[in-house]
Amino acid sequence: MSEFYYFKTFEEDSLADAATYSDDWDVDEALTIRRIYLKNKDGSAFTDSTFYLKISEDVFTRSIVPAAILGPDQEVTPELNIPVKSKERISWDFKNQEGKTVSLFLCFECLREKSRAA
């Protein structure tokens, strides 16, 4: 059984319209990504932007997903439960197609296997 472990947050400020925010995260221990949140810092919803996700060589968005699908909070963000092995690389691209400059938070909700009591 898994339990909440931590949130891992990345942010990008002043991403111009039509620009792409690409980054990656080298995970140092096995975990499960329960949800991925995308939040526009100005509070508005993403309407036309897209998101691409790859872990090692496994692509989880065929070919992209509208950023709005991932959502800004637990009420609308789908539960994904993607297992990630220690030392795997998580890579992503967020393409801003909002027609204006945006700043965003990208947050991974991470779980780990529950420790058994001794």
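The values are calculated or read from the model by the stated rules, or taken from the named source; none is laboratory data. Since the structure is predicted, the reported quantities are computational estimates derived from the model, not experimental observations. Ideal geometry is used to build each Cβ from the backbone, glycine not excepted, and the neighbour counts take in all protein chains shown.
Worth a mention:
- With respect to (1) within 16 Å of T9 (Cα to Cα); (2) of a type in the set (G, A, S); (3) crowded, with 18+ Cβ neighbours inside 10 Å, the lone exception for S49 is condition (1).
- When K54, K39 are screened for being buried (at least 19 other Cβ atoms within 10 Å of the Cβ) and of a type in the set (K, R), only K39 passes.
- In this structure, A117 does satisfy being at pLDDT below 95, out of contact with any Gly (no Cβ under 7 Å at 6 or more places or on another chain), exposed (fewer than 14 other Cβ atoms within 10 Å of the Cβ) and among the aliphatic types (A, V, I, L, M).
- Meets criteria (touching a residue at least 12 places away in the same chain (Cβ under 8 Å), among the aromatic types (F, W, Y) and in contact with a helix residue (DSSP H, G or I) (Cβ under 7 Å, 6 or more places away or on another chain)) for F60: no
- Within the range 19-32, residues that are closer than 13 Å to S91 by Cα and modelled with pLDDT of 95 or more reach partners that are among the polar types (S, T, N, Q) and surrounded by 13 or more Cβ atoms within 10 Å (Cβ to Cβ) with beta carbons closer than 7 Å, at six or more positions or on different chains, in the pairs D24/S91.
- Exactly one residue out of E75, E79 is of a type in the set (D, E), assigned to a loop (DSSP other than H, G, I, E, B) and over 14 Å from the mean Cα position of the chain (by Cα), and it is E75.
- Test set (1) exposed (fewer than 15 other Cβ atoms within 10 Å of the Cβ); (2) of a type in the set (K, R); (3) at pLDDT 95 or above - R62 fails condition number: (3)
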